[in-house]
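Sharing a structure with you now.
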Amino acid sequence: MNQGLLLTHDMMLVFGLLAFTVLMLVLEWIRGDLIALLVIVVLGITRLVPVEQLFDGFAGNAVISLLGVMIMGAGLDRTGVLNKAASFILRVARGAESRLSLAINAMVGGLSSILQSQALATLFLPVISRISSRTGVPSSRLLMPMAFCILCGTNMTMISNSPLIMLNDLIASANRNLPQGAQTIQAFSLFAIAPVGIPLLVTGLAYFALFTRKLLPSDEESQGVTPGRTDTYFAETYGISGEVFELTVTAESPLVGMSVLESEALRGAPLILAIKNGDEIRLAPPADTMIWVGTVLGTLGKRADIEHFANLNLLLAQTRLRWFRDMFNPTRAGIAEAVIPPNSEFVKQNVGALHLRKRYGISVLAVNRGDEIFREEVRGVALRAGDTLVLHGLWRDLAVAAEDHDLVVVTDYPKDEGRPHKIWHAIAFFALAMGLGLFTDLKLSVAMLTGAVGMLLAGVLKMEEAYGAINWKTIFTLACLIPLGWAMDATGAAAWLAQEVLRYLSDWPQWALQAVVAVLTLFFAQIVSNVGATVMMVPMAINVALASNGNPAIYALIVAVSTSNSFLIASANPVLTLVAGPGGYRARDFLRVGLPLTALMLVVMLVTVNLVFR
């Protein structure tokens, strides 16, 4: 690298765009995918990236690989692979908490090497709920170790997470801009990083096997939920308890002519879960549904409160269900918890504005946010990522709502089996994709897409289900931010930044420089997405390696692996956000458990990377 590299106008444009991107991702004033789209537009207008290359990210190896992985993951889930995994865990554990935790952690850690981490956490939340309810082990003692081990296991293959998937694309960009005489950086094959990822996973498993009881006290009693015990759980946690009454509206009742929304706003009004108008019966009536003479309301509340409300409003109350008996059957309907994931369209929207009753036929009974539980005026609560919603509805409607990926159902509830007869087709095509990636010289994108197309042709998934399985926000963010990494290379911004870093650290040994790169990456991963941290740090890390006579492949890999070393803040990673609410964890819990593990993983990573790729 030229030690006398001067800061140019193009470099300043790249740094300005990079600073703007980081600021917007931190402040969250604009959606992450929209920020990424803005970045690619600015790169095109300023010609920092040639227009003919600007959209190559959308057809690049990283994006196509990610599409294939997402579709195959949905195929494995649709055929019931994870249900069999839960049964296997219960058989292996035989009720012992230590064996149970180890079996769960080992299974999710292994699966995270081939499935996207957020999707895996989403699929395993109800599995943990089922296991917790059957064994009596609090879910708070299972969810955090599970989430951490998912992140520990995401470094065993090049399809484990977005930073690793995009790493080869960033290396290809760096190769196009190498200084004269520099050796070409070799791309990583599918399982090339397994010797690094396996020790990291083993470290995580050993950490929780040895220290779980000390790290997660037994007095935390957040339990999993099943339809058979929702009454007890929700009464203790949210104060949602009582009996189901049918209230018939008389001609003298003041409720006549009111909407459901207006009646729910009355003082002492119970939860209205169902309504019968004429011959039409429905659960979760929309807020604008009108109440007339003869309307029957299905309500939930304490007997004394409902009887008082009925007397006050001239309603006929009866506990023996005549109209709603089948509808309130726990095999058909019930109360469930659902978490708002970071990429949900519901984030920053008021509950009332979502019209969940009208869209899906489900009612929001409460919202849980850390130490706060909102039960009054729920419609006015603006949702945040990680909020837990308490919902009531038909299990069928809940499943439909979950398919849109705007909420993740935590409760284990009865659902259709999917296509268990296609399980071997799914496994066969997944194995084919892995084999092509391992034993041939095909690009990962071709190998992964082969498995995905095979599942579609075999009927494991329908095309509509495949489209629904793709997280388009992740795809757009990845495809639009990759060119920002290219711009850092092409303009020399990464080389200039590396030059300035080495101006102060030139005498440091390689392991110390690598540790600095890892810690910087870890810091950025806490405040922006792992994709953003990778785009910023890989070009700079490669140039630091070139300038200090280090191995640029090692430095690039350290960046990609360090983005998964995010155990300190729940908001730093979608996986941690998903378990924070259901597990009842606080910020101090993540710091207490995550800080020692972060340091341990940093040391293990630096040692193994240098042993394997020296």
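The values are calculated or read from the model by the stated rules, or taken from the named source; none is laboratory data. Just so we're clear, the structure is a prediction, and the values are computed from it rather than from any experiment. Neighbour counts run over all protein chains shown; Cβ positions are idealised from the backbone, glycine included. Heads up: the accessible areas ignore ligands, DNA and RNA and are worked out on the full protein's heavy atoms, side chains in. Shrake-Rupley method; radii C 1.70, N 1.55, O 1.52, S 1.80 Å.
Could you do me a favour and compute the accessible area per residue for the chain, 1.4 Å probe, result in Å²?
Result: 42 Å² per residue.
Also: Among the GluC sites (Glu not before Pro) within region 335-441, which fall in a DSSP loop and have no more than 12 other Cβ atoms within 10 Å of their own Cβ?
On the way: sites: 337, 345, 372, 376, 377, 403, 417; in loops: 345, 376, 377, 403, 417.
In loop regions of region 335-441 (DSSP not H, G, I, E or B), the sparsely surrounded GluC sites (Glu not before Pro) are 376, 377, 403, 417.
Per-residue ellipticity at 222 nm for the chain, helices alone: DSSP H runs ≥ 4 residues times -39500 (n - 2.57), over residue total, nearest 500 deg cm²/dmol?
Rounded to the nearest 500, it is -18000 deg cm²/dmol.
Report the label-to-label distance for residue 266 and residue 98 in nanometres (one decimal), using points 7 Å from each Cα along the Cα→Cβ vector.
About 5.9 nm separates the two model spin labels.
Can you give the extra length, in nm with one decimal, that the chain gains between residue 58 and residue 28 once fully stretched, where that is 0.36 nm per residue apart less the Cα-Cα distance?
This chain segment gains 8.4 nm when fully extended.
Give the Kirkwood hydrodynamic radius (Å, one decimal) of region 1-46, defined as one over the mean of 1/r across all pairs of different Cα atoms.
On the way: mean 1/r = 0.0845 Å⁻¹.
Kirkwood hydrodynamic radius for region 1-46: 11.8 Å.
Additional query: Which far-off residues, 5 or more places away or on another chain, put their amide H under 5 Å from the one on residue 362, with H placed in the peptide plane?
When sequence neighbours closer than 5 places are left aside, the close amide H contacts are 357.
For region 426-438, what does the Karplus curve 6.51 cos²θ - 1.76 cosθ + 1.60, with θ = phi - 60°, yield as ³J(HN,Hα) per residue in whole Hz, taken in order and with x for Gly and Pro?
4, 5, 5, 6, 5, 4, 4, 4, 5, x, 5, x, 8
Roughly how many debye, to the nearest 20, is the charge dipole of the chain about its Cα centre, given +1 on each Lys and Arg Cβ, -1 on each Asp and Glu Cβ, and no other charges?
1160 debye
In terms of Cα to Cα distance under 27 Å, which lysines are near enough to residue 84, apart from those fewer than 8 places away along the same chain?
The reachable lysines, counting only those whose Cα sits under 27 Å from residue 84, are 415, 422, 462.
With N denoting the number of residues in region 270-369, provide Rg(C-alpha) divided by 2.2 N^0.38 Å, to two decimal places.
1.20
Regarding region 306-348, what's the average projected area of the Cα-atom convex hull, expressed in nm²?
Taking a quarter of the hull surface, the average projection is 5.9 nm².
For region 92-193, run through the chymotrypsin sites (Phe, Trp or Tyr not before Pro) and keep only the ones in DSSP coil with at most 16 other Cβ atoms within 10 Å of their Cβ.
Passing both the DSSP loop test and the Cβ count: 191.
Related question: Roughly what angle does helix 303-312 make with the longest principal axis of the chain, taking Cα atoms, 0 to 90 degrees, to the nearest 10?
Between the helix axis and the principal axis of the chain, the angle is about 60 degrees.
May I pose another question? Hand me the trypsin sites (Lys or Arg not before Pro) from region 45-126 located in a DSSP loop with no more than 15 other Cβ atoms within 10 Å, in residue order please.
When the trypsin sites (Lys or Arg not before Pro) of region 45-126 are filtered for loop state and at most 15 Cβ neighbours within 10 Å, 47, 94 remain.
Something else about it: Give me the percent of the accessible area of the chain that comes from carbon and sulfur atoms, probe 1.4 Å, all protein chains in place.
Here carbon and sulfur together make up 59 percent of the probe-accessible area.
Before anything else, pin down the relative contact order of the chain: Cα pairs under 8 Å, at least 6 apart, normalised by residue count, whole percent.
Normalised by residue count, the contact order of the chain is 21 percent.
Quick one: dipole size for region 466-614, taken about the Cα centre, charges +1 on Lys/Arg Cβ and -1 on Asp/Glu Cβ, in debye to the nearest 20.
The dipole magnitude comes to about 340 debye.
Relative contact order for region 523-614: what is it in percent, counting Cα pairs under 8 Å that are at least 6 residues apart?
Numbers: 84 pairs, mean separation 25.8, N = 92.
Normalised by residue count, the contact order of region 523-614 is 28 percent.
Also, I was wondering about something else. What is the distance, in nm, between label points placed 7 Å from the Cα along the Cα-to-Cβ direction at residue 345 and at residue 287?
Placing both labels 7 Å along Cα→Cβ, they lie 1.8 nm apart.
Further question: Label point 7 Å out from residue 331 along Cα-to-Cβ: which residues of region 403-444 have amide N under 13 Å?
It comes to 414-415, nothing else.
Any chance you could give the angle, 0 to 90 degrees and rounded to 10, that helix 587-613 forms with the longest Cα principal axis of the chain?
Between the helix axis and the principal axis of the chain, the angle is about 30 degrees.
Let me ask something else. In nm, give the distance between the simple-model label positions of residue 587 and residue 376, each being 7 Å from the Cα along the Cα-to-Cβ direction.
2.7 nm
Next question, about the same structure. Within region 379-398, find all residues whose amide N lies under 12 Å from a label point positioned 7 Å from the Cα of residue 415 along Cα-to-beta-carbon.
395-398
Now a separate question. Using each residue's phi in region 156-161, evaluate 6.51 cos²θ - 1.76 cosθ + 1.60 at θ = phi - 60° and report the 3J(HN,Hα) Karplus result to the nearest Hz, with x for Gly and Pro.
Whole-Hz 3J(HN,Hα) from phi for region 156-161: 9, 9, 7, 10, 5, 8.
Then there's this: Is region 376-498 rounded, prolate or oblate when judged by the Cα gyration tensor, a ≥ b ≥ c being the square roots of its eigenvalues, rounded requiring a/c under 1.5 and prolate requiring a/b larger than b/c? Please list the in-between numbers first.
On the way: a/c = 3.33, a/b = 1.20, b/c = 2.78.
Note, shape of region 376-498 comes out oblate.
Now for a different question. For residue 304 and residue 369 in one chain, what is 0.36 nm times their gap in residues minus the Cα-Cα distance, to one decimal in nm?
Full-extension gain reported as 20.5 nm.
Please list, in chain and number order, the residues 5+ apart from residue 381 or on another chain whose amide H is under 5 Å from its amide H, with Hs placed from the backbone.
Correct list: 351, 352.
Please turn the phi angles of region 490-500 into ³J(HN,Hα) values with the Karplus equation 6.51 cos²θ - 1.76 cosθ + 1.60 (θ = phi - 60°), one per residue in order, whole Hz, x for glycine and proline.
Working through the residues one at a time gives 5, 7, x, 4, 5, 5, 5, 5, 4, 4, 5 Hz.
Here's another thing I want to ask about it. What does the highest-first list of 585-591, 262-268, 455-461 look like by mean Cβ count within 10 Å?
455-461, 585-591, 262-268
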